[in-house]
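I have placed the structure first, in the form of structure tokens, so that the comments after it can refer back to it.
The values are calculated or read from the model by the stated rules, or taken from the named source; none is laboratory data. Since the model is a prediction, treat every value here as computed from it, not as a measurement. Here the Cβ positions follow ideal geometry from the backbone for every residue, glycine too, while neighbour counts run over all protein chains shown. Surface accessibility is based on the protein's heavy atoms, side chains included, excluding ligands, DNA and RNA. Shrake-Rupley method; radii C 1.70, N 1.55, O 1.52, S 1.80 Å.
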Amino acid sequence: MSTSHVIIGDGIAGASAAETIREADPDANVTVITDEGEALYNRILIKEFAKGKLPEAPISIHEPEWYEERDIDLELNTHVTSVDADAHEIHTHKGVTYEYDKLLVATGGTPSQLPVEHSDADGIDHFWTFQDARSIKRHAEECEKGIIVGAGLLGIDLAAVCGAQGIDAKYLMRGNRWWRYALSEDGAEIIHEALRDNGVEPVFDSGVDRFEVDDDGRVEAAVDPDGNRYEGSWAGVAIGLDFNTEFLGDLDIEEDDGIVVDEYMQTSVEDVYAAGDLTQYYDTILNDRAQNGSWGSAKEQGSVAGTNMVADAEDEAFRWVSSYSITHFDFPFLSFGHPTRGDDEAERKYSDTEWRRLAFEDGQLVGGVLIGDLSQQSAFKQIMREELRVADRKELLLEKDVDVEEVKAQAPQAE
């Protein structure tokens with residue numbers, strides 16, 4: 001009798017799991033259920049589409065035929081309403097029941113909405129799906145002044161849309177710099193200058209108290225807590241994700257700002273796995289729980305989950321050093337690992353557009369940010385994977401070229 005695997009979510013985590021399962025078990029029944037209306041597409045490239053730099057065609061990764069060729073049942077526009085773990089069943093809004101032997105939850109999140117007046121007005125967009133990108137592109141092409149809210153990695157994508165579309169924009173940030181949990185003022189100022197060069201003005205220690213709309217209900221301004229008014233006929237908001245787990249309400253599954261999984265992507269409920277943005281996974285490098293929403297991390301989590309769903313016993317652990325790059329400016333930008341963690345740090349500015357910051361925890365390198373020169377990322381990832389205690393070797397790590405063998409010779413491994 002063939003095994004039945006059901007995957008909820010067709011992002012890179014879900015699709016990676018489906019492909020892994022099919023390769024490992026040609027006879028398994030594999031079903032992928034998604035509430036989106038199109039098959040897997042490249043979430044990295046949709047920002048280029050929104051900027052007007054790419055047509056729609058290159059964005060797609062899997063056409064429906066890809067699933068047919070692999071005998072994977074793809075159910076589009078389908079909402080899961082509940083999961084019955086005892087019966088090993090899931091139920092959808094169409095009244096269809098799917099039985100499973102193993103279940104993977106890879107539903108990601110939905111962009112959080114600002115809890116302020118008129119936050120759902122016409123002309124206010126969030127950035128997550130291809131549909132979001134289409135709406136952003138359409139609105140951006142129609143406006144001259146814009147407003148960006150959210151001083152993080154998704155917010156800067158919205159700011160880049162403004163720069164590419166020639167929009168005069170105000171970028172409202174609650175703190176005194178962009179991505180203040182990972183960058184010092186020196187590093188952030190490189191980003192600030194690049195934003196200004198692209199027609200986007202950072203506004204610090206700000207935020208949104210309310211949006212104002214015209215008689216047709218379209219946004220026309222944002223007002224900050226101090227009463228300052230910023231005009232704009234389009235606003236992009238990126239303040240985080242609300243994870244899509246509401247259908248798990250009847251399931252006694254451990255959650256903590258996401259679904260808690262072990263290093264094998266197994267949840268607290270037997271035969272139920274999770275992968276992607278919504279996981280709080282056990283990081284075998286940190287020896288602690290962690291969360292990461294990068295594309296590469298989600299893909300690897302999906303592959304690990306798929307392998308362990310097919311196996312008789314969990315035997316492949318998720319061990320990954322993630323990275324996230326930004327290519328909007330004349331200089332490259334990359335974060336790796338967990339740059340917002342740590343109890344120690346080191347940084348150096350090499351030029352007006354070249355800077356490095358490293359974060360340490362209990363002596364280990366746990367993450368960092370590279371601006372301008374990304375050539376040393378492999379060295380830093382290797383140091384992380386080998387769990388070397390290198391906090392007392394900061395000068396070596398801040399050299400333009402890092403000699404990993406020299407660092408290893410002077411740094412003990414973590415116990």
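Things to note:
- In a fully extended conformation the segment linking Glu56 and Ser375 would gain 111.7 nm over its present Cα-Cα distance, using 0.36 nm per residue.
- When shorter helices are ignored and each DSSP H run of at least 4 residues is given -39500 (n - 2.57), the per-residue value for the chain at 222 nm works out to -7000 deg cm²/dmol.
- For Ser112, nonlocal amide neighbours, meaning residues 5 or more places apart or on other chains whose placed amide H falls under 5 Å from its own, are Ile239, Gly240, Leu241, Asp242.
- Length added when fully stretched, Asp120-Asp215, from 0.36 nm per residue minus Cα-Cα: 32.7 nm
- Solvent exposure of the chain, expressed per residue, is 43 Å² of accessible area, with all protein chains present and a 1.4 angstrom probe.
- Working note: Karplus 6.51/-1.76/1.60 with θ = phi - 60° gives the stretch 351-367 the couplings 6, 5, 10, 9, 7, 9, 9, 10, 10, 10, 9, 6, x, 8, 6, 10, x Hz, where Gly and Pro are set to x.
- Dipole check for the chain: with +1 at the C-beta of Lys and Arg, -1 at the C-beta of Asp and Glu, and the Cα centre as origin, the magnitude is about 1460 Debye.
- The stretch 328-403 and the stretch 171-199 have Cα centres spaced 19 Å apart.
- Cross-link partners for Lys408 among the lysines, with Cα-Cα distance under 20 Å and sequence neighbours closer than 8 places in the same chain left out: Lys381, Lys394, Lys400.
- Under 5 Å from the amide H of Ile7 lie the amide H atoms of Thr31, Val32, Ile33, Leu104, each residue being 5 or more positions distant or on a separate chain, with H modelled from the backbone and absent for Pro and chain starts.
- Cα gyration tensor shape of the stretch 223-281, rounded if a/c is under 1.5, else prolate or oblate by comparing a/b with b/c: prolate
- Cα gyration tensor, the stretch 1-138 - rounded (a/c under 1.5), prolate or oblate: oblate
- Global geometry of the chain, whether rounded, prolate or oblate, following the gyration tensor of its Cα atoms and the 1.5 cut on a/c: oblate
- Of all accessible heavy-atom area on the stretch 223-336, the percent that carbon and sulfur account for (1.4 Å): 38
- Cα lying deepest toward the dipole's positive end in the chain, options Ser323, Gly187, Val213, charges on Cβ: Gly187
- Top positive-direction residue, dipole computed over the chain with Cβ charges, set Val260, Ala121, Gly368: Gly368
- Counting only Cβ charges, +1 for Lys and Arg and -1 for Asp and Glu, the dipole size of the stretch 24-147 around its Cα centre is about 760 debye.
- Relative protection proxy for 300-307, 235-242, 283-290, from highest mean packing down: 300-307, 235-242, 283-290 (other beta-carbon atoms within 10 angstrom).
- The stretch 278-411, Rg to Rh (Cα coordinates; Rh as Kirkwood inverse mean 1/r): 1.00
- Extension gain (nm, one decimal) between Glu231 and Arg319, 0.36 nm per residue minus Cα-Cα: 27.1 nm
- Ordering Ala379, Val272, Ala85 by Cα displacement along the dipole of the chain toward the positive end leaves Ala379 in first place; charges were set at the Cβ atoms of Lys, Arg (+1) and Asp, Glu (-1).
- Taking amide H positions as modeled 1.01 Å from N, with prolines and chain starts lacking one, the residues under 5 Å from Val203 and 5 or more places away or on another chain are Tyr171, Leu172, Met173.
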